[in-house]
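Working notes for the structure below.
The values are calculated or read from the model by the stated rules, or taken from the named source; none is laboratory data. Note that the coordinates shown come from a computational prediction; the quantities given were computed from them, not determined experimentally. Using ideal geometry, Cβ is built from the backbone for each residue, glycine included, and neighbour counts are taken over all protein chains shown.
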Ligand code: HGY
Ligand code: MN
Ligand code: MN
C-alpha cells in the first residue's frame, strides 16, 4: 500500500547515527576529519556507504571513476532517473558534514520510500561522487566530471602534490581510468539532480532560517604559482643581491588578497604556501603558492587571473625571481533549475520550515551536473557559518528537516516531471 507524501518521513535517528559513524573514519585526535580522495579512509567510507545502500535494498555499484551508486528501481523502465547525492571525501582536518550530510540524506530518502512501499515512476539513484574536494592540490569535482563526460586525458595525467597522477590514484582506489568514458551518463538518462549540503557560510544561521533554496553556484578557478629564485647562504649573501623566492611568494600572497580587495573578483585565497629548501639559514630558492579565485561571473574570473599574472610579473622583476602561474580550467558559475527549486521551496513550506533563497559561495558537484540535467541544491544551516574546520556543525533537527525536504522534493519531481523516455541499457548504466 503506497503511503501518501505527507506520511513519508526519513528515519532521523538512522540519518544522524550514520553521519556520526562516517565521521569516525579519518577522525583525528583534535576532532577533525581527514578523508582525502582515494585514501584508505575514503575507500572505507565508500564501502560502508555501499553496505548501507545494500541494506536499504538498493542495487549498488561503483563506476570506473570510483563513484558509488545505489538504484531504487522506478515503475517506468523507460523513464530517465532522478539522482541525488554528494561526496564522502574531505579536505584536511574537515568537519563531519561537508559531503556526508548530502549522501546520507539521499540514502535516508531512498530508505524511507522503500520502507513505505512507495515506488516512484523514475529510478531513484543515490550517488557518492569521488574526489569532490581535489586532494593534494588537484582541482576537484572529478567524480561528477566523469559522470558528465567532462574529465579529460589531461586531467587523468595531471600530477598531485606527491607527484602521483590522477589515473594512478583512481586505480589505487579500485577504479579503472582506462574505462573512464564508461562512467559518463548521457543527458537523456537523467531527469533531475538534487544535492543537499550544509551552507558552509553564515547566511542561514544569522537569519535564523532552517532551509536554503540555492539559486546559483559560484564560478571558481584553482592556480598554482611556482616561484624560482636562487638558494644562497643566509649569512653571507648581501640583501641587495638576493633572489629570495619566499619574499616573492609573500608579496604574491598579498597580491591575491588585493585582487579581491580591489574588487576584481568576489574572493581570492592563497591557501597553500611552500618554501624550499626550508632551512632557516638558507635564502629560499623556490616556493609554490596554491590559489583559489571565485566569482559569479566567469569573465571577471578570467580578467582577474590576467591582472594577477601582470602583478606576478612585476613582483618577479622587483625580486629578481621568476613566477609562473599554472591555471586549471575555470569551473563556470551556474544557475539552479527553477522548477526543481520550486519543488524545494514548496516542500519546505509544506513542512512549515523557514526558508531563504541564496547563492552558494562554495563549489559543489551540482554545478557540474547542471551541464547535463536540471539540478538544484538544498542548504541546511552551518552554525556560525563554520566549515572546512573541525568545529563545522549543524543542528541535528535541521539535518533531519533537510532530509525530509529532499524526500518531498524528490517525490514532487517524480510526479510532476513529464520526462522524455529513453530505452534503458545505454552506456553508463549498471
Ligand atoms: O571548495 C569548495 O567550495 C568545495 O568545498 N569543494
Ligand atoms: Mn568542501
Ligand atoms: Mn562539499
- Item | Candidates 389, 403, filtered to the one that is buried (at least 18 other Cβ atoms within 10 Å of the Cβ), in the same structural domain as residue 99 (by TED's automatic domain parsing) and more than 15 Å from residue 203 (Cα to Cα) | 403
- Query: Given the conditions (1) without any contact (Cβ under 8 Å) to a residue 60 or more places away in the chain; (2) assigned to a loop (DSSP other than H, G, I, E, B); (3) more than 16 Å from ligand 1 (Cβ to nearest atom), which single one is not true for residue 265?
  - Reply: (3)
- Message: I'm trying to understand the selection: among the residues of the stretch 96-123, which are within 16 Å of ligand 2 (Cβ to nearest atom) and assigned to a loop (DSSP other than H, G, I, E, B)?
- Response: 96, 97, 98, 99
- Message: If residue 374 meets every condition in (1) more than 16 Å from ligand 2 (Cβ to nearest atom); (2) touching a helix residue (DSSP H, G or I) at 6+ places or on another chain (Cβ under 7 Å); (3) closer than 16 Å to residue 208 by Cα apart from one, which number is that one?
- Response: (3)
- Task: Would you check if residue 188 is more than 16 Å from residue 129 (Cα to Cα), in the same structural domain as residue 123 (by TED's automatic domain parsing), in contact (Cβ under 8 Å) with a residue 24 or more places away in the chain and assigned to a helix (DSSP H, G or I)?
- Result: yes
- Please work out which one of (1) part of a helix (DSSP H, G or I); (2) modelled with pLDDT under 95 is the condition residue 222 fails and give its number. (1)
- Message: Residue under question is residue 27, and the condition is that it be touching a strand residue (DSSP E or B) at 6+ places or on another chain (Cβ under 9 Å), crowded, with 16+ Cβ neighbours inside 10 Å, without any contact (Cβ under 8 Å) to a residue 40 or more places away in the chain and closer than 26 Å to residue 392 by Cβ; does it hold?
- Response: yes
- Answer from 325, 308 - the residue that is within 24 Å of residue 141 (Cβ to Cβ), in contact with a strand residue (DSSP E or B) (Cβ under 6 Å, 6 or more places away or on another chain) and surrounded by 16 or more Cβ atoms within 10 Å (Cβ to Cβ): 325
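For the condition more than 18 Å from residue 330 (Cβ to Cβ), surrounded by fewer than 24 Cβ atoms within 10 Å (Cβ to Cβ) and in contact with a helix residue (DSSP H, G or I) (Cβ under 6 Å, 6 or more places away or on another chain), what is the one hit in 178, 173? It would help to see each step written out before you state the result.
Working: 178 fails: in contact with a helix residue (DSSP H, G or I) (Cβ under 6 Å, 6 or more places away or on another chain).
Testing whether each residue is more than 18 Å from residue 330 (Cβ to Cβ), surrounded by fewer than 24 Cβ atoms within 10 Å (Cβ to Cβ) and in contact with a helix residue (DSSP H, G or I) (Cβ under 6 Å, 6 or more places away or on another chain) leaves just 173.
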- Item | Any hit, the stretch 280-289, residues being surrounded by 14 or more Cβ atoms within 10 Å (Cβ to Cβ), touching a strand residue (DSSP E or B) at 6+ places or on another chain (Cβ under 8 Å) and over 22 Å from residue 244 (Cα atoms) | no
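How many residues are surrounded by 24 or more Cβ atoms within 10 Å (Cβ to Cβ) and either within 16 Å of ligand 2 (Cβ to nearest atom) or more than 19 Å from the chain's Cα centre (by Cα) (or both) when one looks only at the stretch 83-95?
First, the residues of the stretch 83-95 that are surrounded by 24 or more Cβ atoms within 10 Å (Cβ to Cβ): 83-90, 94-95.
Restricting the remaining residues to those that are either within 16 Å of ligand 2 (Cβ to nearest atom) or more than 19 Å from the chain's Cα centre (by Cα) (or both) gives 85-90, 94-95.
Within the stretch 83-95, residues that are surrounded by 24 or more Cβ atoms within 10 Å (Cβ to Cβ) and either within 16 Å of ligand 2 (Cβ to nearest atom) or more than 19 Å from the chain's Cα centre (by Cα) (or both) number 8.
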- If you take the residues in the stretch 104-129 that are within 18 Å of residue 183 (Cβ to Cβ) and more than 10 Å from ligand 3 (Cβ to nearest atom), which one is nearest to the chain's Cα centre (by Cα)? 128
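For every residue, the table says whether it meets (1) assigned to a helix (DSSP H, G or I); (2) under 15 Å from residue 369 (Cβ atoms); (3) not assigned by TED's automatic domain parsing to the domain that holds residue 41.
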| position | (1), (2), (3) |
| --- | --- |
| 125 | no, yes, no |
| 149 | no, yes, no |
| 155 | yes, no, no |
| 162 | no, no, no |
| 169 | yes, no, no |
| 179 | yes, no, no |
